[in-house]
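Here's the structure, in structure tokens; my notes come after.
Quick note: the coordinates plus some simple rules give every number you see, no bench work behind them. Please read these numbers as outputs of a predicted model, since none were measured by experiment. Here the Cβ is made from the backbone with ideal geometry for all residues, glycine too, and neighbour counts use every protein chain on show.
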């Protein structure tokens, strides 16, 4: 039951640094996600752990064993490819049995294992079909079953749900997590879909441009983002720019664009430029003008019905805007042009120093 | 009316024409009719006409024995050479596509070299290298390999090696590495991954490469004749018969009878073999179970890879490359003697050399252009399955037939057909028809393969944007297939320039460059070794220049 550790890992492709001095420790039997936008290095990291590519420098450990020079077939890993990579010249059944047969298990034992894993992925039909005859969802289950049948204790998944349609994706992701937990596997799951990562992972590493930006549980990442990028990439955030006019003991008074002053909490000094990140659900909304702590006044500019929620875009006098979401069935809907007062609690806004490269650059994917 | 307006008007006219169903149908119908009338039917009918002459052979038991033994030799050599070519080609293709050194793109080009050497020159070059005191034999005191079956094997191995490597490199480049990676993550060592996953997936290409080498070995005449000595395979036997007839040692009836007899057996057995491969090839499965896991493990890692790469390079350099280029040696020697000015002044043996070169290249150009014109609609029919799945597959098979017919047999039967039906047909036209028949499959296959690789999505996108069929073809398909078409054109051109067997069968007065070279080597025309060397060298140089120029034109364009 191995943990996985990488130390000072670097990988370059020509001039491009795909991974820049990465350090990460994934615990035994953890369901761990590598999350980030395209090009952040998450697939590169996964492939380095699998042994499909070699690092330029650094160390990789699976369990107690250092594996950077060990070929993939000797690392005891299972890998689920984004494109499934089912062998086109073998039936679904033969694909699943490949791992056990490579290990020279006798046919009976291999077939027993095959039956067990297919039971786990809930696929009993079309086993005599070739991959090009199967639907995306079936191919995905076969790909997972094949990786599990090989018996490895570390499961690596490279965007396993990327090729599936939305409904199927939402169902299968929980099944994969359940399988990994039932088999006591250490799983590393690469994805660019933050909702997917948040819903099934024990911990997540958010990556950007070859570096790890923050590691934590889904709650930690959502409630305590360590950077503007994480605040933006995980869930949604409104960004309001301003500067600190008063600071004492961690309590800040910030003047936003347009002159509005709000209270917040953070360790930034007086006179510094800041960005406030406020999640849409943090704002309280009232029709009309009200005096509350931390109020922002504006008009409703746009309304979008999203099923469970209604999304309101409110434009302030300073021409900044904010997104607010309210449950669609729990209260009366407001209409465009309505004047509203938004308020929020100081501790619930995150304060970040204004990034040197500019806000857009910092949160861009 | 300026040029642009004229161009515009022509394009518009073609677009209008191409949208009309009757016009398209006529074009395709013409292509199919031309295929049958010019390419497929004449050789078959040619043999049928002379069927009666077989009796001459059946009356001479010794001749029967000699014919059968020659045919058996042909198949034995073809099988051996094809197996060796594929076995040697796989590690070479692997090295070119997977190797990490920057010299490997140079290797890719080098591997092509034997292909551009016209086969007659290649035969002479190998003869020099292996047999002549100037070559390796100098190290062994006395000729290392005399003309005979071994030299024929080496020759056939060498000229098919580039074709096999090219097919396998193409297959490996198209092959998705993920399959191999998947099998390794499932615990397979690299050699086992190759055995159980990679090679089954590449099987169609392996079979295609095998068939190409096999067909070429069966049909090559000129160079084989140079290196065969007393050994007889099918084409050499037919060549000997022709020589015997010219020398008055063999009657016309016997000559024609032997030709028909040998050709019929060669064609029948070849067709049977290819049908067999086509039907059972896809079902052929190597057993999964690894029998020697320790050996497979040893074969997989760096020491084994190093020795494999070293052996591959040694085989390539010593058996393929050096012998193929060895004729450059006497060519260089000739440059510093009187031979060079003699060559340019056209004196002595050189009197018909330049004429023959001109004839060869002119013929090659005509055949390439004509072939593309009549082959293009056929390629579209096959690639886009316009006649439905089964008819298109049938056409595909029929187009292959001239490939498997030994070129000298093809030439002879064509002569029987055309000369007997149209006694006044000019020899040049006969020669064009013969070369057209031989090169037609290369043209259609390379174009069809290129068209097939272009997804229908692109054509459909162009049509939804308003492009008429002709515009779709000229603005989308042609630019994307340029590289393949040009590669096909190079193959066709070099094949025509190399073609010897059909040429000698079909015409008596016209001599192409390979025919001249063969005559010089065999002593029919007395020529010194320097003269032969220079003659071959100039032929190779010219072919190389043409190839290089064509490569430059297509360099850097996307591979399709």
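Could you check the spin-label model distance between residue A:265 and residue B:285? Points 7 Å from the Cα along Cα→Cβ, value in nm.
According to this spin-label approximation, the distance is 6.6 nm.
Can you give the FRET efficiency for residue B:304 and residue B:486, using 1/(1 + (r/R0)^6), R0 = 41 Å, r = Cβ-Cβ distance, to the nearest 0.05?
That pair, residue B:304 with residue B:486, gives E of 0.60.
To the nearest 0.05, how large is the calculated FRET efficiency for residue B:83 and residue B:17 if R₀ is 56 Å and r is the Cβ-Cβ distance?
That pair, residue B:83 with residue B:17, gives E of 0.65.
Quickly estimate the mean residue ellipticity at 222 nm for the protein assembly as shown, helices only: each DSSP H run with n ≥ 4 gives -39500 (n - 2.57), and the total goes over all residues, rounded to 500.
On the way: 38 runs with 512 residues, N = 925.
Roughly -17500 deg cm²/dmol at 222 nm, from the helical runs in the protein assembly as shown.
With just the Cα atoms defining each centre, how far is the range A:119-173 from the range B:229-253? Give it in Å.
Going from one Cα centre to the other spans 66 Å.
In nm, to one decimal, how far is the modelled label at residue A:243 from the one at residue A:257, with both set 7 Å along Cα→Cβ?
Computed distance between label sites residue A:243 and residue A:257 equals 1.5 nm.
For a test of the definition: using alpha carbon positions, the gyration tensor, and the 1.5 limit on a/c, classify the range A:236-363 as rounded, prolate or oblate.
prolate
Let me confirm one metric for peptide A:69-82, namely the mean number of other chain beta-carbon atoms within 10 Å of its residues' beta-carbons.
Per residue, the number of nearby Cβ atoms from other chains is 4 on average.
Taking the Cα of residue B:311, stepping 7 Å toward and past its beta carbon, and measuring to each backbone N in the range B:181-212: which are under 15 Å?
B:191
Please report A:226, B:246, A:237 as a ranked list, fewest other C-beta atoms within 10 angstrom at the top and most at the bottom. Write out the running numbers ahead of the final one.
Details: A:226 16, B:246 13, A:237 24.
Ordered by Cβ neighbours within 10 Å, fewest first: B:246, A:226, A:237.
Under 20 Å from a point placed 7 Å out from the Cα of residue B:297 along the Cα-to-Cβ direction: which residues of the range A:83-106 have their backbone N that close?
The answer is A:99-106.
Once Rh is set to the Kirkwood radius over Cα pairs, what Stokes-Einstein translational diffusion coefficient, in µm²/s, holds for the range A:4-231 at a temperature of 10 °C and a viscosity of 1.306 mPa s?
88 µm²/s
Using 0.36 nm per residue of separation minus the Cα-Cα distance, give me the extension gain between residue A:83 and residue A:295 in nm, one decimal.
Extra length available between residue A:83 and residue A:295 comes to 71.3 nm.
Using R₀ = 22 Å, calculate the FRET efficiency as 1/(1 + (r/R₀)^6) where r is the Cβ-Cβ separation of residue B:424 and residue B:33; round to 0.05.
Computed FRET efficiency for residue B:424 and residue B:33 comes out at 0.40.
Report the Cα centroid-to-centroid distance between the range B:1-47 and the range B:379-419 in angstrom, as an integer.
The two parts, judged by their Cα centres, are 18 Å apart.
In whole Å, largest first, what are the principal axis extents of the Cα atoms in the protein assembly as shown?
Answer, in whole Å and largest first: 121, 77, 61 Å.
Taking a ≥ b ≥ c as the square roots of the eigenvalues of the Cα gyration tensor of chain B, is the shape rounded (a/c under 1.5), prolate (a/b larger than b/c) or oblate?
rounded
Ranked by Cβ crowding within 10 angstrom, fewest neighbours first, how are A:313, A:262 ordered? Let's see the in-between values first.
Values: A:313 17, A:262 21.
Going from sparsest to densest Cβ surroundings: A:313, A:262.
Along the Cα→Cβ direction, 7 angstrom out, place labels at residue A:335 and residue B:69. What is the inter-label distance in nm?
10.7 nm
For chain A, modelled as a Gaussian network with Cα springs under 10 Å, which listed residue fluctuates most, A:116, A:272, A:306?
Ranking A:116, A:272, A:306 by mean-square fluctuation puts A:306 first.
When the label point is put 7 Å from the Cα of residue A:57 along its Cα-to-beta-carbon vector, which residues of the range A:1-33 have a backbone N closer than 13 Å?
Under 13 Å, as judged by backbone N against the label point of residue A:57, lie A:8-12, A:20-22 of the range A:1-33.
Within 10 Å of each Cβ in A:145-153, how many Cβ atoms from other chains are there, averaged over the peptide?
For this peptide, the per-residue mean of nearby foreign Cβ atoms is 2.
What is the distance in Å between the Cα centroid of the range A:194-216 and that of the range B:151-184?
About 43 Å separates the Cα centre of the range A:194-216 from the one of the range B:151-184.
Rounded, prolate or oblate, given the Cα gyration tensor of the range B:278-413, with a/c below 1.5 counting as rounded?
Here the range B:278-413 falls in the oblate category.
Going by C-beta contacts inside 10 Å, put B:444, B:153 in order with the fewest on the left.
Values: B:444 30, B:153 18.
Result, fewest neighbours first: B:153, B:444.
Per residue of A:92-104, count partner chain C-beta atoms within 10 Å of its C-beta, then hand back the mean as an integer. Intermediate values should be presented prior to the final figure.
Working: counts 0, 0, 1, 2, 0, 1, 8, 6, 2, 7, 12, 4, 4.
Per residue, the average neighbour count from other chains is 4.
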